[in-house]
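**Student:** This is the structure I want to talk about, given as structure tokens.
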Amino acid sequence: MTRRPSPASGNARRAIGYLRGSPRSEMVNPEIEEEQRAALRAWCRAHGAELVAIYDELVCASGPLDERHALLGALDGLRKLDAGVLVVARRERVGSAVQVALVQHLARTHGAVLAIADELEGERLVSEGDLAEAFAELERVILQSRSSAAIAIRRARGSPSGEPPYGFRDEGGTLEPEPREQATLELIRRLRAMHFSVREIRAQLEAMRLPPRGLRWHLTTLQRILRRQRSEGLRGTAAGPRGTA
């Protein structure tokens, strides 16, 4: 898999493991935990890698990525511990297709790759088609949850003058959500919640080839979007930790 250029590439001989329990269980299952630990150790032995840290979410490991703090810690630890691999026992331990796609890309921004212990070496985790499908699914969820918020903003502000803000379009004097831009806004919010700087967010958007309104993503545009997300209090923007400008 091709990596996105990053500030530094992690050491492929150093790996961070992630364990996840059943989202439906409020108790730790020792057998599931040990099965995952054994899979991580076996993968590291087979690839000559050192397992430098393990982050676990073995109880109530459900919710969106920005509410799964151990997974966020594992991603953040890649750069801090100079690890080039985030390894999990099975694909479903990461989550849905959307979450696998996002974690794979987020690992790349830290100069690392996502490895699934029970899958063949070189097997593609998420193809471009898979990523597009996952992103489309994310769009549908965001559009459904944001429609009422967009209407409320429109009513509070009155008819927009000039170009509508990123994420919306003017439909006969009514501000309506633009599905693809709304999905991009959600990704920006989640990346910010994961402590990405504005420059790192821009690099991620460019790596995923997400179109801006103009010719390219400008830092000032992203800063304006982040300020608007904070000030307007759109549904869901309070979830997870926030970074600083």
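Here, each number is a calculation from the coordinates, and none is a lab measurement. Everything quoted here is computed from the prediction, not taken from an experiment. Cβ: placed from backbone, ideal geometry, glycine included. Neighbour counts: every protein chain shown.
**Student:** For residue 174 and residue 209, what is the calculated FRET efficiency with R₀ set at 35 Å and r taken between the beta-carbons, to the nearest 0.05?
**Tutor:** 0.70
**Student:** Using 0.36 nm per residue, how much length does the chain from residue 195 to residue 79 gain when fully extended, once their Cα-Cα distance is taken away?
**Tutor:** Result: 40.5 nm gained on full extension.
**Student:** So how strong a dipole does segment 11-116 carry about its Cα centre when Lys and Arg Cβ are +1 and Asp and Glu Cβ are -1, to the nearest 20 debye?
**Tutor:** The calculation lands at about 440 debye.
**Student:** Right, here's the next one. On a full-extension model of 0.36 nm per residue, what is the gain between residue 67 and residue 28, subtracting their alpha-carbon distance, rounded to one decimal in nm?
**Tutor:** 12.2 nm
**Student:** Another question about this same structure. Go ahead and run the numbers for FRET between residue 41 and residue 218, Cβ-Cβ distance against an R0 of 51 Å, rounding to 0.05. Don't jump to the answer; show the numbers that get you there.
**Tutor:** On the way: r = 46 Å, r/R0 = 0.90.
Efficiency for this residue pair is about 0.65.
**Student:** What full-extension length gain, to one decimal in nm, is calculated for residue 12 and residue 228 as 0.36 nm per residue of separation minus the Cα-Cα distance?
**Tutor:** Working it through step by step, the gained length comes to 73.9 nm.
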